[in-house]
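The values are calculated or read from the model by the stated rules, or taken from the named source; none is laboratory data. Remember, predicted model here, so these are calculated numbers, not experimental data. Counting neighbours? That spans all protein chains shown, and the Cβs are built from the backbone with ideal geometry, glycine included. For accessibility, only protein heavy atoms count, side chains too; no ligands or nucleic acids. Shrake-Rupley method; radii C 1.70, N 1.55, O 1.52, S 1.80 Å.
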Amino acid sequence: MNPNKPVTIKLNKDFRTAYYHGASQVHPALVTYVRRNRLGVTRMGITTGKKIGSAVARNRCRRVIREAYRSLSPKLRKGYDIVFVARVRTAAIKSTVLAGVMAAHLRKAGGLPA
């Protein structure tokens with residue numbers, strides 16, 4: 001397994017658990033759900049709805065979120081499920097700006113040390 005590639009959430013039940021039982025943080029460009037897991041590894045999932053726009057716009061949102069997450073991943077605590085929900089403004093934002101938003105969300109939820 002590639003050490004630079006994040007462990008991702010793939011199952012619908014894991015996404016739903018994060019939505020319903022996780023702590024949420026909201027920003028005009030991103031919504032973040034964070035929940036502790038018992039796996040000892042931090043997993044990440046991305047959701048982009050059709051409201052974002054075309055497939056090109058949704059893929060750009062996913063790329064920007066992945067890049068912002070990649071810059072923060074070495075500092076993250078282990079044992080969390082993190083789900084990022086893209087919003088309409090996510091497509092127009094740079095990954096460096098989104099990384100700051102993401103860091104603030106993760107600090108409030110406890111997934112990133114203060």
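A few remarks follow.
- Complete set of residues in segment 1-17 that are open to solvent by 40 Å² or more (accessible area, probe 1.4 Å) and part of a helix (DSSP H, G or I): Asn12, Lys13, Arg16, Thr17
- Restricting the first member to segment 53-64 and to residues that are within 16 Å of Ala29 (Cβ to Cβ) and touching a residue at least 24 places away in the same chain (Cβ under 8 Å), and the second to residues that are part of a helix (DSSP H, G or I) and not aliphatic (A, V, I, L, M), the beta-carbon pairs closer than 7 Å and six or more apart or on different chains are Cys61/Thr90; Val64/Thr90; Val64/Ser95.
- Check on Ala91, open to solvent by 20 Å² or more (accessible area, probe 1.4 Å), small (Gly, Ala, Ser), without any contact (Cβ under 8 Å) to a residue 60 or more places away in the chain and out of contact with any Phe, Trp or Tyr (no Cβ under 6 Å at 6 or more places or on another chain): yes
- Whichever residue in segment 37-59 is open to solvent by 40 Å² or more (accessible area, probe 1.4 Å) and part of a loop (DSSP other than H, G, I, E, B) and, among such residues, is nearest to Ala104 (Cα to Cα): Val41
- Qualifying residue in segment 70-82 (condition: touching a residue at least 40 places away in the same chain (Cβ under 8 Å), of a type in the set (A, V, I, L, M, F, W, C) and either part of a helix (DSSP H, G or I) or loosely packed, with under 12 Cβ neighbours inside 10 Å (or both)): yes
- Of all residues in segment 18-32 being touching a residue at least 24 places away in the same chain (Cβ under 8 Å) and open to solvent by 50 Å² or more (accessible area, probe 1.4 Å), the one that is farthest from Gly100 (Cα to Cα): Tyr19
- Taking the criterion of being of a type in the set (Lys, Arg) and either without any contact (Cβ under 8 Å) to a residue 12 or more places away in the chain or not in a helix (DSSP H, G or I) (or both), the residues of segment 94-114 that qualify are Lys94, Arg107.
- Scanning segment 25-36 for residues that are outside any loop (DSSP other than H, G, I, E, B) and either touching a helix residue (DSSP H, G or I) at 6+ places or on another chain (Cβ under 6 Å) or closer than 17 Å to Gly79 by Cα (or both) yields Gln25, His27, Leu30, Thr32, Tyr33, Val34, Arg35, Arg36.
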